[in-house]
Every structure is written in structure tokens, then in C-alpha cells.
Amino acid sequence: MSFFKKLKESISSKTESVTKQFKDGLEKTRKGFVEKVAELVTRRKKIDEEFFEELEEILIGADVGVNTVMELIDDLRDEVKKRKIEDAADLQPIMSEKLIGLLRGDEDNEIKLNSDGITVILFVGVNGVGKTTTIGKLAHYYKQQGKRVLMAAGDTFRAGAIEQLEVWGERVGVEVIKQNAGSDPAAVMFDAVQAAKQRGVDILLCDTAGRLQNKSNLMEELNKIFRVIQREIPGAPHEVLMVLDATTGQNALAQAKLFGEKSGVTGLVLTKLDGTAKGGIVIAIRQELSLPVKLVGLGEKMEDLQKFDSEQFVHGLFAGLIQEEEETAEIEQ
């Protein structure tokens, strides 16, 4: 059975609407990356040095990351020798298979929930990456599951951040615990934890400041928040999710490296994947950071925040080729 057929079968048991969201959300990357590879395969047909050079350029252009690209190209060269492949078209399914391998981590990319009491999820990341929107959409997701949710407006430094979270609170019907702008974020977290305990809340989603005067201030602020939460709920926060804007490509990777090392990040959220042709950044991040991508933003709608699924991701990327293969098979029959 061909690789693409296997991939289609493995996701056939998954929700059709989710498959469609991945497919629609990755349209720009598909055009900027997979369709270029398909065009290269059609144009060159033969696998030679120039073919590999062009493939390298396409992969780097999709922000797969230079180190990852070099390794992938070396792997493909080995496969070509080993399997005595001459036709470029035969390399496409092998490359897709390798990409799934690169995207699959050993670790679990499920969001960890506290089985005994309140789950606290802390969100970190610079301003403008879609942190507040992610919190709002996740609040909606958990509320739809019948969970009791509360949000904490801990970004007290950015003008409008509290109001933005309140707008989401109204939209999804979830209460927001807040103080005045400029107040101490750790004090907001204290209030939020007390409110969560009193109201028998299942999930507390906490926003934090994206930028303070300097990086050390930001880390001090986060440490203070950690201490307050841990004192009130031992074992919390259960997740520290760093939100990254996929449209910034390599810059998102640099942010994750800088921020992730010092702030106890447990997983990543990649927003705005639908707005970029640089979706390859997911592969670069998987390879260069030992952090799982837990959620991806695939569009504007409430339901467009999805749990990351490597098979859905690769299926979304190669949807056109999968369809082509099916059509060819039908004609041959």
C-alpha cells in the first residue's frame, strides 16, 4: 500500500471537520512548499545534484530550518542510493514519510490536566502573537466539554490587554478575574486562584505580560506568579504554554529558544498558521527544541484552535498529491 494511501486511512477515523480545518489552514504552506516540490518533480524528473539543490531552497524557503533541511537532504540522498531511485516522483512519498517522522515527538502533546482539583494553565509569549485570542478559544473549547472555566487577566502592563480578555470572556461566557491596569500580576493570580477554589472551577487559564522593561524583569514577574500559584495549588501550573506567531517563521523559533529556556515552558502554541506559507516552522521547532507543539491556530473561528496532530498536519500539506494519487488509481482501474 502506498504511503499516501496509508496516511489517508490512518486519519479516516478522525473527525472530518478537523481534517478539513488542517487542510484549509495549511493552504498557503501547501502552495508555497508542497506544490513547489511537485512542480520541481515534474520539471526535473531525474534525481541529480541540481534537483537536491532546488529541493533544499524550497525547504529553507518554507522555514523548515537550515539544520533540519541539511539532515533531511542527506537522508533522502541515502534513500536514493539504497533503493536505487531514479525517478524524482518516487521520492515524494519518501519525503512525506520523513516529514511525519520529524514531526512526531516521543513525548505526549496532550495538554496535561490535573486529575485532582483545579488545572492551572499559564500562557507566556511576547505581545501580538495571539495569546489572548488563544486563551479565549481554549476557554470556549473546555466550556463546550462541560468544564467550569475561569480566566485571569495577568497581563496588567499592556494597554487594553485586560479589556481584550474581558471581550473574550463575554463572547464565550467565562468570567475574568482582573485588577486595574498596572497592578501586580501576582496579586491578580492570587485572586484568581481563590476565586477558582471558591467556585469549584475545573480549569483556570492565566494570561501574563508579554513584555516588561527588560527580560530579567519579565522573568522575575513570572517567577513571582509561579510562587503564588504553587503555594495555593501544589503541583500547579500544570502547563506553561508559550504562544508563538507562525507568520514570523525563524523569529518564532528564536523567541522560543530565548524564552523557553528560562520560563519553565512545557509546550508551544503556534498561532496564525493559516496566514503564512512558512508552515515548515512547525518542523524546525519540533527538531530544534525539545518542546512539543500542543496547539495550532488554523483560522479565525472559535473552533480553529486545534490540538496538534502530526498525521493531520502532513495530510493537510500533501492533500493535493493524495487526491492526485487517488484519481490516477481510479483511471488505472
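The values are calculated or read from the model by the stated rules, or taken from the named source; none is laboratory data. Just so it is clear, the model here is predicted, and its values are computed rather than measured. Virtual Cβ from ideal backbone geometry, glycine too; neighbours counted across all protein chains shown. When the accessible area is computed, the model is the full protein with side chains, heavy atoms only, and any ligands, DNA or RNA have been set aside. Shrake-Rupley method; radii C 1.70, N 1.55, O 1.52, S 1.80 Å.
Tabulated results
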{"quantity": "Hey, ILE135 modelled with pLDDT of 85 or more, within 30 Å of ARG158 (Cβ to Cβ), β-branched (Val, Ile, Thr) and surrounded by fewer than 22 Cβ atoms within 10 Å (Cβ to Cβ) or not", "calculated": "no"}
{"quantity": "The one condition in (1) open to solvent by 70 Å² or more (accessible area, probe 1.4 Å); (2) within 14 Å of LEU317 (Cα to Cα) that ARG83 fails to fulfil", "calculated": "(2)"}
{"quantity": "Residue list for the range 187-225, restricted to those being open to solvent by 10 Å² or more (accessible area, probe 1.4 Å), modelled with pLDDT of 95 or more and within 18 Å of LEU165 (Cβ to Cβ)", "calculated": "ALA187, PHE190, ASP191, ARG199, VAL201"}
{"quantity": "Positions within the range 270-282 being within 10 Å of the chain's Cα centre (by Cα) and surrounded by fewer than 24 Cβ atoms within 10 Å (Cβ to Cβ), in sequence order", "calculated": "LYS272"}
{"quantity": "ASP245, sole failed condition from (1) modelled with pLDDT of 85 or more; (2) over 21 Å from GLU110 (Cα atoms)", "calculated": "(2)"}
{"quantity": "Residue pairs meeting the criteria (Cβ under 6 Å; at least 6 apart or on separate chains; first among the polar types (S, T, N, Q), in the range 115-127; second open to solvent by less than 20 Å² (accessible area, probe 1.4 Å))", "calculated": "THR119/ILE203; ASN127/GLY210"}
